[in-house]
Amino acid sequence: MIRVWRLSALASPLTLVLVLWFAVEAFAAWVAATELPNLSVATSVEVLARDGRLLRAYTVADGRWRMAVSPDAVDPDFTTMLIAYEDKRFYSHGGVDLTAILRALVQAARQRRLVSGGSTLTMQVARLLEDSGTGQLKGKLRQARVALALERRLTKAQILQLYYQVAPYGGNLEGVRAASLAYFGKEPQRLTTAQAALLVALPQSPEGRRPDRFAKAAALAREKVLAQAVMVRVIQAEQAHAASGEAIPARRHAFPALAPHLADRIVAAAPSMQRHHTTLDAALQVRLQELATQAVAAHGDRLQVAIVVAEHKSGAVLASVGSAAYRADARLGFVDMTRAVRSPGSTLKPLVYGLAFDEGLAHPETLIEDRAMDFGGYAPQNFDKIFRGEVRIRDALQLSLNLPVVALTDALGPAKLMAGLRRAGVTARVPGGKPGLAVALGGVGVSLEDMVGLYATLARGGVARPLHFTQQAVDKDAPGLRVMSAVAAWQVGDILSGVAPPIGAPVNRLAYKTGTSYGHRDAWAIGFDGRHVIGVWMGRADGTPVPGVFGADLAAPLLFQAFARVKRKLDSLPLPPPSTLMVANASLPQPLRKFRPRHAAFTAADAPKVDFPPDGAEVELMAEGILLRVRGGVGPFTWLADGKPVVVSARGRDQLVKMLGPGFVELSVIDSRGQSAQAKVRLR
């Protein structure tokens, strides 16, 4: 009997332990079997500047602002105040705070009403993730179960991050970052004590305490948070007193909308990405958007403007202004005018001159006729209807004369000009599909963005690299595509740097060109210094004429103002390449002293021809050089390799010339009457 009793006495504790063990295991299994809500919270797509600053954000599918944020991107004082007010034992409990629940039950029993809640931050996250309600017992039990499961699945930092993203702040605002941007106009990384306290208080009653609608209720709620923070010694009483005097925000700030047209394009190109890192400079973008608004303010309600700024060496776009304002107005502000296809007017002329220099057709000091000409029925005139007779090529470009550039295009051939545009990355649309001589005067459709890329090519020494505006992998060592020689590009830039600045603008070495399209529909100004290239377009988005508009009068001053907003002082233009021929007209080789148009009086039988090496041939490089031979023409002869003189005023028809190295080279020979011939060969 005694033995049985002893066994029973031993069995009771063991049974209790087993029961408890099974209960714990069952509870753990119950928690583990919890079906969790989706933890991948949809957040706003963001477009960021090069320094990480927010340029533009988009609401999530239901129209809410819910911004991604990590704990380290939130002011530590906010987190400390939040835990002190909402969940003092957040870091020690496992999702449910039994002490807080018991306290809430005792208080409710004594005062016969709910005085304080027992919900932890984890339980609040559970409720917000699946909207399980707050007052019903069933909802509370569900929140507790999900909270316990969350604590086993996530770290405390991850739970806090979810709270930071889904806590309600009134209206369509969710999460501390969206609230901070909307109510304070800044990121939550650095908050004042008053701002942190307000953001702690709002989620308890997000609609009833909205500061932009119920300032008094918001202030009272903030005071409670401050008082609690003082009581648990999170802040000093003096801090709380100072914070109490800070004004409650009376309105919501608009979310950033910098470079909206470009942001739309970037997001559309990669819709699955949440964050798009761009090359844009946020502060510069702000300054240029303000400049664009000012530029059209005094010109009626239809004039529009677009501006693009880039670093020409890297091709990185620093600012892109698609319109004066991103809205549906008489200016058609939603249309991105940086990509609109418009006539470039005279802004294509520098490309014509650069290609002509490379072909050996002209030099900046070459004389050319500015007189009435007829090109097979096409008889262009100068903008001012005045002919100046014989002028230097340099002056012809600086004065933007039409007849000389058409004569050069006739000698080059429009197809060569179109090929130059393609190599420079310009997508040009030709009316009718077949280019003619009018292309040189703007008879083609291009975009401002492409034209900025073309001028970046000139500034880069004739090498084209595509503009880019995202920080995705860009091959900085890629050689780029050569459009013209470094000498020709420098010569064009040197000429453009001598163009007189607009009235009131500083006298400097900005290389720039203006243009006005036919019918006064488009006004252009594009320029570069030693580092940046900027393009400005002004006109009407619907393509209707703007009476009296000229690029030099309207767009050029804006170009200089844009440069002033980029930097205080221009960067110096580069020095000329060593092989640049810098002489006066009298010292030029005879064929380059005066340009002779293609239809000049001479017979085809007299024209020179490259006899050796023949066009398309492969020639082996020898130590003593390669043989050049000309047939026909009248000596003396000048030979050029890729536009650079290698033999000047040679009497003989055979010349032995040393070349720099292997690769493709375009040879040109010019006789004493200005007749020329070319051959493209490969040296190996």
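Just so you know, all these numbers are worked out from the coordinates, no wet-lab data involved. The structure presented is a predicted model; accordingly, all values stated were derived computationally and were not measured. Glycine also receives a Cβ, built like all others from the backbone with ideal geometry; neighbour counts cover every protein chain displayed.
On the beta carbon distance between T427 and K224, with R0 = 56 Å, the FRET formula returns roughly 0.35. So which aspartates and glutamates pass the test for K186, namely a Cα distance under 18 Å, with those fewer than 8 places away in the same chain ruled out? Straight-distance partners of K186: E46, D51, D72, D75, D77, E174, D212, E246, D281. Phi angles of region 54-63 translate, via the Karplus equation with coefficients 6.51, -1.76, 1.60 and θ = phi - 60°, into HN-Hα couplings of 6, 8, 7, 10, 10, 5, 6, 4, 8, x Hz per residue; Gly and Pro are given as x. Beta-bridge orientation, the chain: approximately 90 percent antiparallel, per DSSP, counting only bridges with both partners inside. Taking the Cα centre of the chain as reference, the dipole from Cβ charges on Lys and Arg (+1) and Asp and Glu (-1) amounts to some 1680 debye. Note: relative contact order over region 580-684, using C-alpha pairs below 8 Å and six or more positions apart, is 33 percent.
Put simply, the amide H of V546, placed in the peptide plane, has neighbours under 5 Å in R521, leaving out anything fewer than 5 places away on its chain. Each of A243, G354, P608 was placed along the dipole of the chain (beta-carbon charges, centred on the mean Cα), and the one lying farthest toward the positive end is A243.
Taking a point 7 Å from the Cα of R153 along the Cα-to-Cβ direction, none of the residues of region 84-100 has its backbone N closer than 12 Å to it. Compared with the alpha-carbon gap, the fully stretched path from R89 to S572 is longer by 167.6 nm at 0.36 nm per residue. Which of rounded, prolate, oblate describes region 179-233, given a ≥ b ≥ c as roots of the alpha-carbon gyration tensor eigenvalues and a/c under 1.5 marking rounded, otherwise prolate only if a/b is larger than b/c? Here region 179-233 falls in the oblate category. Once the mean of 1/r is taken over each pair of separate Cα atoms and inverted, region 207-341 shows a Kirkwood hydrodynamic radius of 18.7 Å.
Sorting the segments 389-396, 279-286, 531-538, 266-273 by their residues' average number of neighbouring beta-carbon atoms within 10 angstrom, most packed first, yields 531-538, 279-286, 389-396, 266-273. Tell me, what does the Kirkwood hydrodynamic radius of region 442-592 come to in angstroms if you use every pair of distinct C-alpha atoms? Evaluated on region 442-592, it is 17.0 Å.
Packing, as the average of other Cβ atoms within 10 Å across residues, places the peptides 624-630, 338-344 in the order 338-344, 624-630, highest first. Pairs from the list K385/K644; K416/K569; K513/K609; K385/K513; K513/K644; K569/K644 with a Cα-Cα gap above 28 Å: K385/K644; K416/K569; K513/K609; K569/K644.
Each Lys and Arg contributes +1 and each Asp and Glu -1, all at the Cβ; summed about the Cα centre of region 544-684, the dipole is approximately 380 debye. Hydrodynamic estimate: the Kirkwood radius of the chain over Cα pairs, inserted into Stokes-Einstein at 4 °C and 1.567 mPa s, corresponds to D of 42 µm²/s. Summing charges over all other residues whose Cβ lies under 13 Å from the Cβ of F637, with Lys and Arg as +1 and Asp and Glu as -1, gives +3.
When a/c is below 1.5 the answer is rounded, else prolate if a/b is larger than b/c, else oblate, so apply that to region 516-647 with a ≥ b ≥ c taken from the square roots of the Cα gyration tensor eigenvalues. Cα axes put region 516-647 in the prolate bin. Pairs of Cα atoms nearer than 8 Å and 6+ residues apart set the relative contact order; for the chain it is 10 percent.
Maximal additional length on extending the E130-L39 stretch stands at 31.8 nm, based on 0.36 nm per residue less the C-alpha distance. Ignoring aspartates and glutamates fewer than eight residues from K594 along the same chain, the ones with Cα atoms less than 15 angstrom from its Cα are E359, E365, E369, D370, E390, D395, D671.
Within the same chain, aspartates and glutamates fewer than 8 places from K313 are excluded, and of the rest, those with a Cα less than 14 Å from its Cα are D475, D477, D529, D571.
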